[in-house]
């Protein structure tokens with residue numbers, strides 16, 4: 001790799017690393033796995049930077065690599081091992097949204113209950129701020145599929161907000177989930 005290309009790749013990663021880590025965390029729900037996911041994405045981008053740079057939408061290309069790395073990791077046997085860790089402080093909210101740690105933790109928990117497809121679409125649409133078309137391009141699926149998955153995922157969040165938590169979680173956590181889900185639903189409208 002030429003020095004100019006390397007510098008450009010490093011500058012891109014440095015500028016977008018927090019956003020990539022936040023998206024990775026929301027996809028997998030674990031800070032350490034998100035670190036691994038971002039690292040493998042960064043390596044892939046570094047190795048193929050000329051191809052990445054030639055893409056019409058570099059951010060869309062990077063999100064596609066991130067999602068595919070996530071899906072590849074989910075196919076491995078070790079991904080079914082459950083590890084416990086607390087989420088990082090800046091993991092879930094957008095930079096313009098002021099939310100508490102409890103809200104972000106509650107929303108991450110609510111997202112973790114959704115199926116992988118719905119969670120991936122909601123994370124890309126509402127946390128990574130991609131359009132329906134960009135999300136479809138990243139996932140390699142149709143626009144209709146993205147709309148369907150987003151609709152079902154939002155409906156599941158709405159149902160969770162309306163019915164509450166039946167898993168015996170403390171009332172304060174349930175309230176925090178309801179508040180965080182209601183904020184996400186308002187953003188979706």
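The ratio of the alpha-carbon radius of gyration of the stretch 12-82 to the globular-protein estimate 2.2 N^0.38 Å is 1.09. Placing a pseudo-label 7 Å from each Cα along the Cα-to-Cβ vector at residue 46 and residue 71 gives an inter-label distance of 2.6 nm.
Approximating the spin labels as points 7 Å out from Cα along Cα→Cβ, the residue 11-to-residue 57 distance works out to 2.4 nm.
Taken together, the values in this text are just the output of simple stated rules run on the coordinates, not laboratory data. Everything numeric in this text was worked out from a predicted model, so none of it was measured. Counting neighbours? That spans all protein chains shown, and the Cβs are built from the backbone with ideal geometry, glycine included.
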